Ligand code: SF4
């Protein structure tokens with residue numbers, strides 16, 4: 001089954017809300033990981049990004065799948081969305097909510113699910129970023145990237161290797 005079509009269960013919704021509530025701590029942990037990856041970049045480059053992509057993507061799928069109910073789009077933007085994965089939106093809205101968010105903050109399409117953008121709002125408030133990061137315009141999903149490692153892609157962008165980060 002394709003990760004993007006996997007049906008979520010109530011426990012995944014609870015996990016999403018847990019992660020949003022702990023957005024500050026989780027973002028700190030990611031910052032540490034990112035720092036380590038930057039330090040190790042010359043070694044990673046020598047081993048080869050192509051070779052490392054699969055194992056990294058597997059670790060990401062396990063950790064982000066558990067914590068964020070991530071859909072592994074390979075172009076993670078949860079750093080902008082208070083750790084709420086926008087790929088869980090049934091309409092795949094990546095630049096803010098649709099017009100149908102229910103009064104109780106639940107999704108128009110899946111009433112049992114909290115709207116990912118309401119969670120994004122809450123997560124960003126916990127990060128003290130208010131809504132500035134949500135207002136950064138996100139590009140459309142690049143369909144070459146699902147299943148690839150977003151961490152390695154971010155790292156390559158960070159070290160100025162963006163041209164090869166697909
Ligand atoms: S209510 Fe929220 S999660 Fe549901 S379709 Fe609209 S933006 Fe997406």
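No value in this document is a laboratory result; all are computed from the given coordinates. This structure is a prediction, so every number in the text was calculated from the model and none was measured. We place every Cβ from the backbone using ideal geometry, glycine too, and count neighbours over all the protein chains shown.
Summary of values
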| item | result |
| --- | --- |
| Region 1-71 and region 117-160: distance between their alpha carbon centers, rounded to Å | 12 Å |
| Per-pair calculated FRET efficiency, R0 = 22 Å: residue 14 and residue 157 via Cβ, rounded to 0.05 | 0.10 |
| Between 0 and 90°, nearest 10: helix 23-47 axis offset from the chain longest Cα axis | 20 degrees |
| Cα gyration tensor, region 85-150 - rounded (a/c under 1.5), prolate or oblate | oblate |
| Residue 54/residue 126 FRET efficiency (R0 45 Å; Cβ-Cβ; nearest 0.05) | 0.85 |
| The chain: relative contact order in percent, alpha carbon pairs under 8 Å with at least 6 residues between | 29 percent |
| Length released on extending from residue 39 to residue 103, taking residue separation times 0.36 nm less the Cα-Cα span | 18.4 nm |
| Prolate/oblate/rounded label for region 57-112 (Cα gyration tensor, a/c 1.5) | prolate |
| On Cα atoms only, tilt of 10-21 relative to the major axis of the chain in degrees | 70 degrees |
| Least to most buried among 157, 77 (fewest other Cβ within 10 Å first) | 157, 77 |
| Helix 49-68 vs. the chain, principal-axis angle (Cα, 0 to 90°, nearest 10) | 30 degrees |
| Cα-based shape type of region 3-164, given that a ≥ b ≥ c are square roots of the gyration tensor eigenvalues and the cut on a/c is 1.5 | prolate |
